[in-house]
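What follows is a single structure, written as structure tokens, with notes after it.
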Amino acid sequence: MEDIFARGDALGPAKVIHVFQPQLGLKGVLVVDNVACGPAIGGLRMAEDVSTAECARLARAMTMKNAAAGLPHGGGKSVLYGDPKMARADKERLIRSFAFALRREEDYIFGPDMGTNEECMAWIKDEIGRSVGLPCEVGGIPLDRLGATGWGLSQAVEMAIPYCDFSLTSARLVVQGFGSVGKHSARFLAERGVTLVGASDSRGTLHDPSGIRVEELIGIKNQGGSVLDYPGGTKADRDAVIDLECEIWVPAARPDVLHEDNIQRLKTKLVAQGANIPLTLGAEQYLHAQGVLCLPDFIANAGGVICAAMEYHGAGQTEAFRTIAEKIRDNTQQVLAEARQNGILPRQAAINLATRRVERAMTYKRWGIF
Ligand code: NAD
């Protein structure tokens, strides 16, 4: 894997920039993968064990995600070596100096990722004027509080219903990971008549076949509680969520939670991926062979990045939510139609869609990828 990105391929990476300033303890990497569609948007990840290869892989994932979302933005990513929980003043100095070192890389717009948050984006905005995922006071749209990704996921599910043999109002929903993405997905789907029957978090699983009161469960989570604190239903361990029977199963926790060794346990008809890469490719292929529809992550969970791009272009939350719905509905429809017509995985159809858009955009550029 490492070699492919070190060598590059037809799409990129266009630029790999290493930033090193030992007196400041500053060590970071920026990978701008492809900017044919527009300046790259991608997160700044801060951790002690990041690497250039990881950065390049994540940058490519952003090229595909932004293109699949139909955004006028390419893909990039940056990583900063360090403990994200270091003293605030030290973290601010590192992030500001990293941004300053990259101030002329106008092809890259910083966003939040693991180890960074809206406050970090505000420092970068102050330093170089180029970041998304900002606090409200400086023009940000609070996408996690509003549930931009859950809103988008509910649109994708609605568009998938004609490809399924159940209706939204008869559907039972199970959500793995009742955090920002999970709870808002449940809320928006419940508004469409879906019944939440199972939810999990890192502490355990809640199951109630007669229906869980979504707003009440969200209230418990918002006050720092667990799904296990819900009054009613039955409680089980964290992984029991995989065995709950339902029509719609939403993974919204961690990568690779469903794999070749546990995918047989899933009893559902539609998997709408809220988390990033929650299923291995083998698990997706297994579900496809069983006739279970799988909405790929970078189509179904693109609400967050669409919202961030809208913020960058000065939109407010109403316009951002309208755009998320429009783009995700359109993209889901295109992907599912191509998957059905060619008998391929929806993920492959999504990759084809994104690749076509990037390749087309490259034909409009004098130098191809930049
Ligand atoms: P979050 O931290 O708000 O919520 C994650 C939830 O998952 C928490 O309730 C946590 O207790 C639970 N959890 C953790 N490990 C678990 C496990 N093994 N089993 C069951 N539950 C577990 O995070 P989030 O922002 O909702 O993001 C969830 C996933 O979605 C991540 O993979 C993230 O990268 C991805 N994602 C998030 C957004 C966004 O807008 N926030 C957008 C696209 C993708």
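Tabulated data for the structure shown
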| item | result |
| --- | --- |
| Gained length - ASN262 relative to SER210, 0.36 nm times residue gap less alpha-carbon distance | 16.1 nm |
| Solvent exposure of segment 4-140 as accessible area per residue, Å², 1.4 Å probe | 41 Å² |
| Segment CYS136-ASP330, length gained on full extension (0.36 nm per residue, minus Cα span) | 67.0 nm |
| Mean shadow area of the chain, taken as a quarter of the surface of its Cα convex hull (nm²) | 18.2 nm² |
| Selection from VAL138, ALA236, ALA361, by position along the positive dipole direction of the chain (Cβ) | ALA361 |
| Centroid-to-centroid separation of segment 328-370 and segment 188-256 [C-alpha atoms, Å] | 33 Å |
| Using alpha-carbon coordinates, inclination of helix 303-312 to the longest axis of the chain, degrees | 40 degrees |
| Computed over segment 1-103, Cα set: Rg, Dmax in Å | 13.9, 42 |
| GNM result for the chain, Cα springs below 10 Å: residue of ILE344, ILE141, ILE109 fluctuating most strongly | ILE344 |
| Most mobile of LEU196, LEU11, LEU24 in a GNM of the chain (Cα contacts under 10 Å) | LEU24 |
| Where segment 158-290 is the region considered: accessible area per residue in Å², 1.4 Å probe | 43 Å² |
| For segment 4-140, size of Cβ-based charge dipole, Lys and Arg +1, Asp and Glu -1, in debye | 240 debye |
| Exposure ranking of TRP367, TRP151, TRP123 by accessible area [1.4 Å probe, largest first] | TRP367, TRP151, TRP123 |
| Helix-only [θ]222 nm of the chain, DSSP H runs n ≥ 4, -39500 (n - 2.57) each, per residue, nearest 500 | -13000 deg cm²/dmol |
| Accessible area of segment 4-140 belonging to carbon and sulfur atoms, whole % at 1.4 Å probe | 52 percent |
| Extension gain, ALA47 back to GLN23 (0.36 nm per residue minus Cα-Cα distance, nm) | 6.7 nm |
| Degrees, to the nearest 10: 317-342 long Cα axis against longest axis of the chain | 70 degrees |
| Fluctuation leader among GLY139, GLY111, GLY224 - the chain, Gaussian network, Cα springs under 10 angstrom | GLY224 |
| For segment 69-131 versus segment 288-320, the gap between their alpha-carbon centres in whole angstrom | 22 Å |
| Nearest 10 degrees, 0 to 90: helix 52-68 Cα axis against the chain principal axis | 60 degrees |
| Paramagnetic label zone (point 7 Å from Cα along Cα-to-C-beta, ASP90; backbone N under 15 Å) in segment 126-143 | none |
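The values are calculated or read from the model by the stated rules, or taken from the named source; none is laboratory data. Just so it is clear, the model here is predicted, and its values are computed rather than measured. Positions of Cβ are generated from backbone atoms using ideal geometry, with glycine treated the same way; all protein chains shown enter the neighbour counts. These area figures cover heavy atoms from the full protein model, side chains too; ligands, DNA and RNA do not enter into them. Shrake-Rupley method; radii C 1.70, N 1.55, O 1.52, S 1.80 Å.
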